[in-house]
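Colleague: One structure is given below, represented as structure tokens, and several questions about it will come after.
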Amino acid sequence: MVDLHGQYLKIKDEVDSAIQRVIDSTAFIRGEDVGKFQDELSSYLGVKHCIACGNGTDALQVAMMALELQPGDEVITTPFTFIATVEVIRLLGLKPVFVDVRPDTFNLDPEQLEQALSERTRAIVPVHLFGQCADMESIMEFARINGLYVIEDNAQALGADFLQANGPKQKAGTIGHLGCTSFFPSKNLGAFGDGGALFTNDDSLGLRAASLVNHGMQKRYHYDHVGVNSRLDTLQAAILRVKLQHLDDYHRLRQEAAAWYDTSLSEIEGLQIPVRSPFTTHIFHQYTVQVQASRRGALKQWLMEKGIPSQVYYPVPLHLQRAYADLGYRKGDLPVSEELCSKVLSLPMHTEMEQVQLRYISDQVQQFFKA
Ligand SMILES: *Cc1c(COP(=O)(O)O)cnc(C)c1O
């Protein structure tokens, strides 16, 4: 599904010398590269504050802590995402309230927000799934009218552009009150281990988040908030600084692979290629097609027999997970997400895809539908 070694080999010299530089400095925690990476990522995204932390899950947790959400407060989000989004809501004693996604783009459907609103609603967490933005203009407008915070889960779309109808481009993750991302190795900007970051244009939220990731420390050994220990290692920051230089190239390579798939798979009866929203670029963290539920297993098996991996992101919607059963959701409550879980299949997608691989994969998918 990914080729992290091939990607490394192309930048081996740069990465190896960055790693050696950190080892020689022995400033493994809060070393110089961490601050520099934060500055470079802020300017890449055009956002005032970037706070690096231990992973994307922590970034989400710290965002909710920075907003001082209180136990019992409700947070609206999507059930068609990775578990981390919802896990941190629960861990903080907040209540996740799910709204369904759009069947074409897999992203939170703004038209469903109204019915999820209650007296206790405090925030919305849209997820920019698979590499393109949720409808941030509608979500921000709804949040403004109802006095809610917006935290963007941007773990899968770091670098995607949101295109305002009458305004400038904005990078995903910089539109809400806070944005969060992950540098998990398979993400579009992947470290050689765990890593994450928060973004905000709000000075006081930025200051608070920076303090929260470091035990809530203000001055050395003076604590104004209960915080966590969640820092980005200097080694990871040094590697990410190298890879950030290549991020736009990485996006282009993914987009070229996606264009190839689009062309060769668009005519297949029984297969839906990814639908692109008009208000966002798509950086294809995943290339996810939809097939009839009754045929998906057979297609996955067929591809496996031909040596082609594929994955189901995600097989069970979060409102039907056992750990969250006490929320009281039942099958049928969020029908679009439930149906998508039985229809989606992600094909290999990464920066090292070669024409021969793309042709082989596309041919095999076509063969399946002809057989
Ligand atoms: C990867 C991911 C996260 C969590 O990031 P980690 O760095 O693995 O903690 C959160 N949300 C989404 C949508 C993700 O894809």
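Colleague: Let me spell it out: the conditions are (1) part of a loop (DSSP other than H, G, I, E, B); (2) crowded, with 20+ Cβ neighbours inside 10 Å; (3) among the aromatic types (Phe, Trp, Tyr), and Phe37 meets all of them except one. Which number is the exception?
Modeller: All conditions pass for Phe37, except number (1).
Colleague: Restricting to the range 42-62, name every residue that is surrounded by fewer than 24 Cβ atoms within 10 Å (Cβ to Cβ) and away from the ligand (no atom under 13 Å from the Cβ).
Modeller: If the condition is that a residue be surrounded by fewer than 24 Cβ atoms within 10 Å (Cβ to Cβ) and away from the ligand (no atom under 13 Å from the Cβ), then Ser42, Ser43, Tyr44, Leu45, Gly46, Val47, Lys48, His49 are the ones that fit.
Colleague: Here is a list of conditions, (1) of a type outside the set (Asp, Glu); (2) closer than 21 Å to Val316 by Cα; (3) touching a Leu at 6+ places or on another chain (Cβ under 6 Å), and Ala63 meets all of them except one; can you say which number that is?
Modeller: (2)
Colleague: Quick one: in the range 131-189, which of the residues that are polar (S, T, N, Q) and away from the ligand (no atom under 16 Å from the Cβ) is nearest to His251 (Cα to Cα)? Walk me through how you get there before you give the answer.
Modeller: Initially, the range 131-189 is screened for residues polar (S, T, N, Q), giving 132, 138, 146, 154, 156, 164, 166, 170, 174, 181-182, 186, 188.
Checking which are away from the ligand (no atom under 16 Å from the Cβ) leaves us with 138, 146, 164, 166, 170, 174.
Working: Ser138: 26, Asn146: 35, Gln164: 21, Asn166: 25, Gln170: 16, Thr174: 18 Å.
It comes out as Gln170.
Colleague: Yes or no: Ile23 in a helix (DSSP H, G or I), outside the structural domain of Gln321 (by TED's automatic domain parsing) and surrounded by fewer than 19 Cβ atoms within 10 Å (Cβ to Cβ)?
Modeller: Values: in a helix (DSSP H, G or I): yes; outside the structural domain of Gln321 (by TED's automatic domain parsing): yes; surrounded by fewer than 19 Cβ atoms within 10 Å (Cβ to Cβ): yes.
Yes.
Colleague: So if I check each of Leu163, Leu158, which one is open to solvent by 30 Å² or more (accessible area, probe 1.4 Å) and of a type in the set (A, V, I, L, M, F, W, C)? Steps first, answer last, please.
Modeller: On the way: Leu158 fails: open to solvent by 30 Å² or more (accessible area, probe 1.4 Å).
It is Leu163.
Colleague: Also, I was wondering about something else. Provide a single number: the residues in the range 63-93 that are within 16 Å of the ligand (Cβ to nearest atom) and at pLDDT 95 or above. If you could, list the steps in order and put the result at the bottom.
Modeller: Our first condition is that a residue be within 16 Å of the ligand (Cβ to nearest atom); within the range 63-93, this holds for 63-65, 75-92.
Among the residues that remain, those that are also at pLDDT 95 or above are: 63-65, 75-84, 86-92.
Residues in the range 63-93 being within 16 Å of the ligand (Cβ to nearest atom) and at pLDDT 95 or above: 20 in total.
Colleague: Kindly indicate whether Asp248 is in contact with a Gly (Cβ under 9 Å, 6 or more places away or on another chain), closer than 30 Å to Ile29 by Cα and not in a helix (DSSP H, G or I).
Modeller: Values: in contact with a Gly (Cβ under 9 Å, 6 or more places away or on another chain): yes; closer than 30 Å to Ile29 by Cα: yes; not in a helix (DSSP H, G or I): no.
So Asp248 fails the test.
Colleague: Every residue in the range 190-207 that is hydrophobic (A, V, I, L, M, F, W, C), part of a loop (DSSP other than H, G, I, E, B) and away from the ligand (no atom under 11 Å from the Cβ), please. Walk me through how you get there before you give the answer.
Modeller: We begin by selecting, within the range 190-207, every residue hydrophobic (A, V, I, L, M, F, W, C); these are 191-192, 197-199, 205, 207.
Subset that is part of a loop (DSSP other than H, G, I, E, B): 191-192.
Phe192, the sole residue that qualifies.
Colleague: Output the residues belonging to the range 208-245 that are of a type in the set (D, E, K, R), over 21 Å from the mean Cα position of the chain (by Cα) and in a strand (DSSP E or B).
Modeller: Narrowing the range 208-245 to residues of a type in the set (D, E, K, R): 208, 219-220, 224, 231, 233, 241, 243.
The next check asks that each one be over 21 Å from the mean Cα position of the chain (by Cα); those that pass are 208, 219-220, 224.
Answer for the range 208-245, where residues must be of a type in the set (D, E, K, R), over 21 Å from the mean Cα position of the chain (by Cα) and in a strand (DSSP E or B): there is none.
The values are calculated or read from the model by the stated rules, or taken from the named source; none is laboratory data. In this text, all values refer to a predicted model and were calculated from it rather than measured experimentally. Glycine also receives a Cβ, built like all others from the backbone with ideal geometry; neighbour counts cover every protein chain displayed. Heavy atoms of the whole protein, side chains included, go into the accessibility calculation; ligands, DNA and RNA do not. Shrake-Rupley method; radii C 1.70, N 1.55, O 1.52, S 1.80 Å.
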